[in-house]
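Notes follow the structure.
No lab work stands behind these numbers, since they all come straight from the coordinates. Predicted model only: the values in this text are computed from it and were never measured. Cβ placement follows ideal geometry from the backbone for every residue including glycine, while neighbour counts extend to all protein chains displayed.
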Amino acid sequence: MVVGFCAEDANAGVNELKGWVSALSLKRGRLHGMDIDGVPRDMSDFGPVYIRYVSTSGDAYLSGYDGNYRGAYFTPQLSDGEFRQYGVLPIGLWKEDAKLAKESSSDNSELELNPAGTQTSASSVPASSLSLNGSDDAEFQVRISSHIDREIQPRAKSLEIRLKLLSVDALSGSVVVCCQGDEAVVNSEAVKRWIKSSFSTVSGVQKVVIDSVASTVA
């Protein structure tokens, strides 16, 4: 895959590069563009940068950038040969990795324990489970639905994916959503981290379970 980083300066761009490579355990290579014949360049007043990372070699290439976007462009390279590019993914998305790793000990984004202690797939949660019990769940559902519509769906649309709320539990703070769209996108760990981090501003949310479904988004 190829990832392009648009950042305010060289330091911010390199931090993003290092964050993605570490969080996704990607191949590490050489960073080109920050030296001249082996002599480090003074990047303090270089200005905005674009860094292109290529996973096959692990190498990255830094150059000047005069655009207004800040974030990452994710370009997977799949066996069908089709060109796909997704972005702009927000700066600092990889910083959620440590927090989500802790959550994954009790939630692996695919399975969760029911009260009886048996494993059930998030996809097995029926849509009818939105018939919630109690005013707390009802109020929680309204807030989550509103947040998805206002804060998540607009950016999700640019990625050609769509989120659907399946169930909520106000007592545990859990939210189960279905992510529909292109298989490469809905199964991308970067996209899953972005979706989970998008709920971090909603009071009461403790756990987000994502059920990814490859389909055509209407």
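Quick notes
- Counting charges near GLU8 (Lys, Arg +1; Asp, Glu -1) among other residues having Cβ under 13 Å from its Cβ returns a value of -3.
- Radius 14 Å from Cβ of GLY47, net charge of other residues (Lys, Arg +1; Asp, Glu -1): -3
- Taking every DSSP bridge with both residues inside segment 21-89, close to 80 percent are antiparallel.
- Under the combined filter of DSSP loop state and at most 14 neighbouring Cβ atoms within 10 Å, segment 35-97 retains these chymotrypsin sites (Phe, Trp or Tyr not before Pro): TYR69, PHE83.
- At R0 = 30 Å, FRET efficiency that the Cβ-Cβ distance of GLN206 and ASP45 yields, to 0.05: 0.10
- Considering only segment 144-218, percent of DSSP beta bridges that pair antiparallel, nearest 5: 50 percent
- If a spin label sat at a point 7 angstrom from the Cα of THR56 along the line to its beta carbon, the backbone N atoms of segment 1-32 nearer than 17 Å would be those of 1-4, 27-30.
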